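Some notes on the structure that comes next.
The values are calculated or read from the model by the stated rules, or taken from the named source; none is laboratory data. The model shown is predicted, which means the values in this text are computed figures rather than measured ones. FYI the Cβ positions are ideal-geometry reconstructions off the backbone, even for glycines, and counts take in every protein chain you see.
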Amino acid sequence: MAVPRSKIVDPKVTRWYHCISKCVRGATLLELERKAWIRRRLEELVGIFAIEVASFSVLDNHLHLLLYLDTGAPRRWSKAQVLQRWAQLHPPRNACRRQLVGKQLQRWIKEKQADHQFVNQLRQRLVNLGWFMKSLKEPLSRLANEADGEGGAFWNARYKSIAVLDEAALLATSIYIDLNPLAAGLVALPEQAPFTSLYLRVENCRRQGRWADLLAARGGAALGVSRCRGMENSLWLCPIENRVDAGRTRPGLLEGFSLGNYLLMLDETSRQLRPGKARVNPAADALLERLGTTRARWEATMERLFARPMAWGVAFAFDREKLRAAARQRGCHHLANLNGCST
């Protein structure tokens, strides 16, 4: 029996969620142009919602997203900013169904500011996971059906959302998402898949002429942080290194963990999917130790994630206590853990 979404998505438990959406009947409907549309749409939605995209991958018949709900951001927005963002998403129209622009749009925003209930409703929607996914998927459904001369469903009705509860699970989820095309046999190397967050991060680094910095940063934690600092400032994706405590407004994936460190762990993990590739880098063991886990536990977890069919759960944690705390917060006895250990 499906678990109600309200019991899965709770920012008091975690702000991080792994969302998976499949095309109806598993059909390969996400052709090249549609994958590119999803990538552009994600960037657009990040500029509207108080939701960050940390990782994504778009395959032929499904997509993966790692999303962060920035629940504090809407409270900082003025009423006008809330309405402007909503107007980008759903442009207001006049009685003749013509889109309001210029002075007409500004007049609509000014009038709507007096409707406190409406503005507060929009604040909630702009940090709501369901509204984000709806805004991503529904427009593509209409465009695809029109192009194909078809009707009916394009996506499976319900997307999966998994609460990610600790740092090791965050890293594992992000790497799993970036390695999906490799695991599916679509590319020979992880960075060759164009519709992934990894590809965007690597290309962003190349455009800045900082490829040497990125390669050098894979040597260890301290070196990785120093050589990669500022590398992702211009990218719309959520950065790998979390520097909110250092005054940055945008959250990152992990504190003190750089893009170079991430690529090291991704490369080490990808070797599980590439026969004959030995796993010998001691720097990876040090990074895993910082996250409170071991190489053996990491490899077993990633093997479980890439299994066919993939194991499912409503939460993902390496730390059992985090799992127990999440269960208590939700008022239930236990949570099904993607990592296999029970509460």
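Here is a list: 114, 54, 36, 80. Which entry is in contact (Cβ under 8 Å) with a residue 60 or more places away in the chain, aliphatic (A, V, I, L, M) and loosely packed, with under 15 Cβ neighbours inside 10 Å?
Checking each option against the conditions leaves just 36.
Is the stretch 119-130 home to any residue that is under 21 Å from residue 57 (Cβ atoms), of a type in the set (A, V, I, L, M, F, W, C), touching a Phe, Trp or Tyr at 6+ places or on another chain (Cβ under 7 Å) and part of a helix (DSSP H, G or I)?
yes
Tell me, which residue of the stretch 155-189 that is among the acidic types (Asp, Glu) and closer than 14 Å to residue 240 by Cα is surrounded by the most Cβ atoms within 10 Å (Cβ to Cβ)?
Result: 178.
Can you give me the ranges of the strands (runs of 3 or more DSSP E) entirely in the stretch 1-106 with at least 2 residues that are touching a Leu at 6+ places or on another chain (Cβ under 8 Å) and farther than 17 Å from residue 196 by Cβ?
Because the criterion is at least 2 residues that are touching a Leu at 6+ places or on another chain (Cβ under 8 Å) and farther than 17 Å from residue 196 by Cβ, the strands (runs of 3 or more DSSP E) in the stretch 1-106 that meet it are 16-22.
Hey, residue 192 hits all of (1) modelled with pLDDT of 90 or more; (2) surrounded by 23 or more Cβ atoms within 10 Å (Cβ to Cβ) but one; which does it fall short on?
Exception for residue 192: condition (2).
Do we find that residue 144 is more than 24 Å from residue 13 (Cβ to Cβ) and part of a helix (DSSP H, G or I) in this structure?
So residue 144 fits the description; yes.
If I ask for residues that are in contact with a helix residue (DSSP H, G or I) (Cβ under 8 Å, 6 or more places away or on another chain), at pLDDT 85 or above and basic (Lys, Arg), which ones from the stretch 258-296 would you list?
290, 295 - these are the residues of the stretch 258-296 that are in contact with a helix residue (DSSP H, G or I) (Cβ under 8 Å, 6 or more places away or on another chain), at pLDDT 85 or above and basic (Lys, Arg).
Taking residue 94, is it over 30 Å from residue 171 (Cβ atoms) and modelled with pLDDT of 95 or more?
Judged against the criteria, residue 94 is not a match.
Among the candidates 136, 186, single out the residue that is at negative phi and assigned by TED's automatic domain parsing to the domain that holds residue 260.
Exactly one residue qualifies, and that residue is 186.
Just checking, does the stretch 202-225 include any residue being among the aliphatic types (A, V, I, L, M) and at pLDDT 90 or above?
Looking for residues that are among the aliphatic types (A, V, I, L, M) and at pLDDT 90 or above, one finds at least one in the stretch 202-225, hence yes.
Within the stretch 11-30, can you find the residues that are out of contact with any Lys or Arg (no Cβ under 7 Å at 6 or more places or on another chain), among the hydrophobic types (A, V, I, L, M, F, W, C) and more than 19 Å from residue 157 (Cβ to Cβ)?
16
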